[in-house]
Amino acid sequence: MDEILEYEIQNDHTTHKKIDPVYFKVPRLAEETVKAEMWDLQYFYDPIHYHEECQITFIIESEGMLFIGDRLTKFHRGELFVIGSNTPHVFRHENAYYQGQTTQHARAISIFFNSESILNIINDLPESSSLHKLMENAKYGFKIETRQAAKLKGHIKNVLNTSGMERVIELLTLLNKLSIQKDLEILMTKTPMILEYEDGQKLDKVFTYIMESYREKITLEEVAALINITPSAFCRYFKHRTQKTFSRFLIEVRIGKACKMLLEGENVAEACYSSGYNNISNFHRHFKRIMALTPNEYKRTIQKRA
């Protein structure tokens, strides 16, 4: 049964205290409306947090409690959750997940998108009334149980496995399927009121700099200086707020830019040097790590689709 939650959590993993939600910056590229990730972890991101993007999470493996807004509810494998913009939440596991030698595992697909951008796409369409209602329900968060969620799994994977405009179209298809679901379980009794934190401004400054300077050599010292902290403190700060290392984020930005160039017809060498790499072997290694394909395999894939 759901219980009222005022950010006071009692279990062996956290002490009994008031916890302020952490502002979480989802690392999306400037031209990326939709971010999709496969989570394969020991446990999901742990602090209570919120972000500007609306979130869809399909639980592949794991169970525990979802804290969302003013509610507390269980989550299980096979369930699907939609969490609205700026809504404090955390998927909190049983204690066993946090043990060093645990065999427990947490896997999920999560999709992040700017709800205003999606509404701008559909605003003038008379057929979009059900999608508008869905986005209104998302403000309160909702859950879809296992049997119904299983029917949507293919659409969720389609969003994960595509990119660019194709990913936006797949998201719209998924949202349309969600909008006709009859058994939505609304999770919150009221929409949360969240104030902007200074963290959001600091991360925006870092993200803006990276998007403008990714072609150049970027050092930790100069990025840390943007927000007036030491490089070692910046590494901890960035990882805590984004759940990524700064080096991983910079690689993802550069490879994302390279993918866009390949999509637009540039050759592999041009994409390499125009995205900030000066070493073709490093470029190939990072590209394979992020995309699970070599640059040439990726180029052949998009040509075959075209």
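Taking helices (runs of 4 or more DSSP H) that fall entirely within region 192-306, which contain at least 3 residues that are β-branched (Val, Ile, Thr)?
Output list reads 198-213, 246-263.
Conditions tested, residue by residue: (1) out of contact with any His (no Cβ under 8 Å at 6 or more places or on another chain); (2) of a type in the set (Lys, Arg); (3) at negative phi.
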| site | (1), (2), (3) |
| --- | --- |
| 257 | yes, yes, yes |
| 261 | yes, no, yes |
| 265 | yes, no, no |
| 268 | yes, no, yes |
| 273 | yes, no, yes |
| 283 | yes, no, yes |
| 287 | yes, no, yes |
| 291 | yes, no, yes |
| 294 | no, no, yes |
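Has region 197-215 got at least one residue that is aromatic (Phe, Trp, Tyr) and modelled with pLDDT of 85 or more?
Among the residues of region 197-215, at least one is aromatic (Phe, Trp, Tyr) and modelled with pLDDT of 85 or more, which makes the answer yes.
Residues of region 228-249 being touching a residue at least 24 places away in the same chain (Cβ under 8 Å) and touching a Phe, Trp or Tyr at 6+ places or on another chain (Cβ under 7 Å), which ones?
Answer for region 228-249, where residues must be touching a residue at least 24 places away in the same chain (Cβ under 8 Å) and touching a Phe, Trp or Tyr at 6+ places or on another chain (Cβ under 7 Å): 238, 241, 242, 243, 246.
Give me the pairs, please: first residue somewhere in region 115-128 and within 17 Å of residue 177 (Cα to Cα), second residue anywhere and charged (D, E, K, R), beta-carbon distance under 8 Å, and either six or more positions apart or on two chains.
Taking only residues 6 or more apart or on different chains, the pairs are 115/53.
Under 6 Å by Cβ, and 6 or more places apart or on different chains, what pairs join a residue from region 28-42 that is farther than 20 Å from residue 250 by Cβ with one that is outside any strand (DSSP E or B) and modelled with pLDDT under 85?
Nothing qualifies.
If you take the residues of region 88-114 that are surrounded by fewer than 18 Cβ atoms within 10 Å (Cβ to Cβ) and in contact (Cβ under 8 Å) with a residue 12 or more places away in the chain, which of them is nearest to the chain's Cα centre (by Cα)?
Going through the qualifying residues, I end up with 107.
The values are calculated or read from the model by the stated rules, or taken from the named source; none is laboratory data. Only a predicted model underlies this, so the values are computations on that prediction, with no experimental measurement involved. Cβ coordinates were reconstructed from backbone atoms using ideal geometry, including for glycine residues, and neighbour counts include every protein chain displayed.
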